[in-house]
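The values are calculated or read from the model by the stated rules, or taken from the named source; none is laboratory data. Just so you know, these numbers come straight off a predicted model, no measurement behind them. With ideal geometry, Cβ positions are generated from the backbone for all residues, glycine too; neighbour counts draw on all protein chains shown. Just the protein is used for accessible areas: all its heavy atoms, side chains included, with ligands, DNA and RNA removed. Shrake-Rupley method; radii C 1.70, N 1.55, O 1.52, S 1.80 Å.
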Amino acid sequence: MFLILTQLCVGQKTYKVRQGELQYVAPQFGPVIKNGNQYYRFEFFNYSQKRIGFQPKLTEVSPDEFEKIKSDSDVILSNAIFGFDLNAFGQLKFTTPARVYEFYSPYLYQYNNELLTIKLKDNNGLNHHKTFPFLLLDFGNGKTILYSNEVSIINTNSNLKFLFKDNRMTAAYKNYQTEKLDKTKGNELFIDSYNPAAINGGLYFTDTIKRRKIVIKNVFGKKVIQKSFDSVQYNDFFMVGLNGKDIDIYNYAFKNLNLNGVTAFKFIDYSPILAVIYNNELKKLNVLGNNFKSGDFPLRNNFEGSLPRSSTLFNIIKENNEFYFYSDYIQDFLSNAEMKSFDYKSKVYHIENVTEIEYYGESDRKMEMDDTKKPFIIYTKLKSGKYNLNTID
């Protein structure tokens, strides 16, 4: 193993490679560098086995591997490589109609500033995906490559070239199309029901520094948020950093939503929704920090359509200083029946300190019993004069 000396440029996700000279970029092998009389291929350590601070490495190319590289028609020579515009790349997703193994319609896009995602569908229409870190490798003389353990992406004089470790993916991406990645819509930015960039999920980690402050680092050992916090709370879609009474809210891509004045927050289970008390109002926010609306919800119950469904409309009423759930009708979607009348009244317990209960919006009074991903949010006023957020799951 031959370690390479690297320099991470401040403010950029770029490594300057100044040891050896770039010769080729090849499928399966990635960048091939000549140093003296020997050829090396560039690759990462296995970051799944090393939590923080892993480094790239150069591995010697064997004579058999070198002959295979020279005979590969998809190899790109160094003199055909130009600079790489990461900002333009990050605005697009790259699709192809080709089939790869049992999958079809793969598309690739930049998940955040440090990760790429490839998504494919199987014959049942279900999504499969893989997310991994990337670097920009600057070899000097205007030659820059977007590199990961899965794929090298090269800007040639004509277009972008995708050279994967998997030759079938390289073949599939010889003819690709581009689509605009609409980053103004929360549901464009997700991978179904989980976040591959979740903290302590394998690619990002909490680390404790001096005075027991907490920072968030990536697998390169670099801070992804410059601030440190007394404590952090997070789910797959949001991260909240706490410093005293100050609350900083970030989305899944570690973008600060700049919500000054938040005094309380609550994660909504399994949902890219954050409930907050913001400027003394209850709001439900999407991952862009905007008011949540229909269409921002990318999650789907995989069992949808296979189980009976029903919904009920109910109120929370107050009688003699006690609170009750009350409903008088239900709709059965399995039989497509009309609303059925019944009376249901049940006391709400464990709210002895509550004086008032408010709903979040009239439309939220309809609860679908099988939809556990959209809990009902209530806004409670306490006897102390303070407010709290609660959910009915």
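Quick one: length gained pulling Asn87 to Asn157 fully straight, 0.36 nm per residue minus the C-alpha distance? Let's see the in-between values first.
Details: separation 70, 0.36 × 70 = 25.20 nm, distance 1.80 nm.
That pair, Asn87 and Asn157, stretches by 23.4 nm at full extension.
Please give the length that would be gained between Lys383 and Leu242 if that part of the chain were fully extended, namely 0.36 nm times their separation in residues minus their C-alpha to C-alpha distance (nm, one decimal).
That pair, Lys383 and Leu242, stretches by 48.2 nm at full extension.
Output the relative contact order of the range 193-277, whole-number percent, from Cα pairs under 8 angstrom with separation of 6+ residues.
Normalised by residue count, the contact order of the range 193-277 is 19 percent.
Suppose the chain between His128 and Ser231 were pulled fully straight at 0.36 nm per residue; how much longer would it get relative to their current alpha carbon spacing?
Result for the pair: 33.7 nm of gain on full extension.
Using a 1.4 Å probe and ignoring any ligands, DNA or RNA, find the accessible area of Phe29 and quote it in Å² to the nearest 10.
My reading of the accessible area for Phe29 is about 20 Å².
Using a 1.4 Å probe on the protein heavy atoms only, what accessible surface does Lys180 show? Give it in Å² to the nearest 10.
Surface open to solvent at Lys180 totals about 130 Å².
Counting only protein heavy atoms and using a 1.4 Å probe, what share of the accessible area of the range 98-181 belongs to carbon plus sulfur, as a whole percent?
Exposed carbon and sulfur together represent 43 percent of the surface.
What FRET efficiency comes out for Ile209 versus Asn320 if R0 is 45 angstrom and r is the Cβ-Cβ distance? Round to the nearest 0.05.
Efficiency for this residue pair is about 0.25.
For Lys210, Lys222, Lys16, what's the largest-to-smallest order of accessible area, 1.4 Å probe?
On the way: Lys210 160, Lys222 90, Lys16 70 Å².
Largest accessible area first, the residues go Lys210, Lys222, Lys16.
List, in order, the whole-Hz ³J(HN,Hα) value for each residue of the range 277-293 obtained from phi through the Karplus relation with A = 6.51, B = -1.76, C = 1.60 and θ = phi - 60°; use x for Gly and Pro.
So the J values, rounded to whole Hz, are 9, 10, 6, 6, 10, 7, 10, 10, 10, 8, 6, 8, x, 9, 4, 5, 9.
I need the chymotrypsin sites (Phe, Trp or Tyr not before Pro) found in the range 85-176, filtered to DSSP loop residues with at most 12 other beta carbons within 10 Å of theirs. Don't skip to the end; give the middle numbers.
Values: sites: Phe89, Phe94, Tyr101, Phe103, Tyr104, Tyr107, Tyr109, Tyr111, Phe134, Phe139, Tyr147, Phe162, Phe164, Tyr173, Tyr176; in loops: Tyr101, Phe134, Phe139, Tyr173, Tyr176.
When the chymotrypsin sites (Phe, Trp or Tyr not before Pro) of the range 85-176 are filtered for loop state and at most 12 Cβ neighbours within 10 Å, Tyr101 remain.
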